[in-house]
Amino acid sequence: TTQPGAPRNQQQVPTTRNMAASTATTIVCIACYAYFFVLFVLYVGWLLPGLTTVVPRGIAPYVSSIEDSPVNSDAFTAFATNTFLISLFALPHSFFARDFVKEAIGLGDEWYRPLHILLTTATLQAHMHFWQSFDASPIWDARGTTFEPLIAGFFVSGFLFLLSATFALDHFSLFGLSQGLGLDINKALGLNGTENQRGMVVRLHYSLVAHPIMTGFLVISWSATVMSASRLLFAVLMTSYIVFAVKMLEEPDLERKIGSPYTEYLATVPSFCPFAPKSSRRRSAKSTKIQADCSVKTESSQRDQGFSLATVASMIYTVSKEIPQS
C-alpha cells in the first residue's frame with residue numbers, strides 16, 4: 001500500500017499478495033455492509049405493523065411484520081424460543097466486541113469488523129425468521145385511534161435518531177467499510193467532527209445522551225401501534241439486554257480506557273434519556289466508576305501479591321544460602 005503524503009518515489013509498491021488481500025477485504029466489507037443495510041431496513045419494517053405493501057411477501061416472505069409471525073399454541077415453548085433468539089443475537093454481539101476477544105482471535109480490523117457485522121446481521125435475520133407469537137389478542141391496539149399517528153411518529157423519530165447517530169459517531173467505520181477499504185470515508189466526505197483530547201465524540205447526539213444508537217433502538221422497540229404479548233416480550237428482552245450491555249460492559253470498559261474524563265462525561269450526559277434528572281446521572285456515573293475502580297484495584301492487588309510472594313521467596317532462598325551448614 002502507499003503511504004499518504006509521501007513522495008511518489010518513496011511510496012511502497014504493492015505486492016501481488018497485498019493487492020489480493022486488499023481486493024478480498026474490499027469485496028467482503030462491501031458485501032457485509034450491503035447485507036446489513038438491506039436486512040436493517042427489513043428489520044425496521046418487521047417491527048412496524050402495516051408495512052406488508054412496502055415489503056411484499058414475494059420478496060421477503062417472513063419479513064413483513066412481527067405480528068405475522070407463526071402462532072405457537074404452547075406459550076412456554078414460544079417464550080423459550082424467542083428468549084433464545086434474542087440471546088443468539090445479544091451474546092455474540094457483545095462478546096466479540098470485547099478487546100480481549102479481538103486480541104485472542106488476532107484478525108486485523110479490515111477483516112474483524114466486517115465479519116462482526118456479518119455475524120450480527122445473520123443473528124438478526126435468524127430471530128426475524130424463527131420468531132413465534134403466542135397470544136393473538138393484543139395488550140393494546142392503537143390502530144384507528146388518535147394515538148396511532150403519535151406512536152408512529154415516535155417510531156419514525158427513534159429510527160431517524162438511531163440512523164443519524166451512526167453518522168455523528170462514524171457510520172462507515174462502525175459498519176466495517178472504512179476498515180475493509182483501508183480508507184477513512186468519514187474524513188473523505190468531510191463528516192469528521194471535533195473530538196476532545198481523549199478522542200471522545202461529544203458532538204450532536206452525544207451531547208444529549210451517551211448512547212444515542214441504543215436510545216433510538218429502545219424507542220422503536222416500544223413504539224408499537226399493536227402491542228401483543230410476543231411484541232412485549234421482544235421489547236422487554238431487548239431493553240434488558242441493552243441496559244445490561246451498556247451498564248455492565250460498555251461503560252466500565254470505556255471508564256478503564258479513558259478514565260476520569262469519561263466519568264465526568266457520564267455525570268453531565270445521561271446514558272439513554274435526555275430528560276433524566278441530574279441526580280440519577282451522577283449516581284449512574286458513580287456506579288460505573290466504582291466498578292472500574294474495583295477492577296483496577298483487583299488487578300493491582302494481584303500484581304502486588306505476586307510481587308510480594310516472589311520477593312519473600314527470594315529473601316528466604318538468599319538467607320538459607322548464607323547460613324553455614326553444620
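Each value in this text was obtained by applying a stated rule to the coordinates, not by laboratory testing. If you're wondering where the values come from, they're calculated on a predicted model, not measured in any experiment. Note: ideal-geometry Cβ built from the backbone for every residue, glycine included; neighbour counts use all protein chains shown.
One table, with the values for the structure above:
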item: Whole-angstrom gap from segment 119-166 to segment 69-101, using each part's C-alpha centre; result: 17
item: Protection-proxy order for peptides 111-117, 262-268, each taking the mean of Cβ atoms within 10 Å per residue, highest first; result: 111-117, 262-268
item: Nonlocal amide H pairs with Val226, under 5 Å, H built at 1.01 Å; result: Ala142
item: Amide hydrogen neighbours beyond the local backbone of Val202, cut-off 5 Å, H modeled; result: Asn196
item: For Val71, distant residues with modelled amide H under 5 Å away; result: Ser133
item: Isotropic mean projected area of the C-alpha convex hull, segment 146-187 (nm²); result: 3.1
item: Extended-chain gain in nm, criterion 0.36 nm per residue less alpha-carbon gap, Ser240 and Ser207; result: 9.5 nm
item: Per-residue ³J(HN,Hα) for segment 123-133, Karplus 6.51 cos²θ - 1.76 cosθ + 1.60, θ = phi - 60°, Hz, x for Gly and Pro; result: 6, 4, 4, 5, 7, 5, 6, 9, 4, 10, 7
item: Segments 164-177, 92-105 sorted - mean Cβ within 10 Å per residue, highest first; result: 164-177, 92-105
item: Spacing of the two label points (7 Å from each Cα toward its C-beta) at Glu264 and Trp140, in nm; result: 4.2
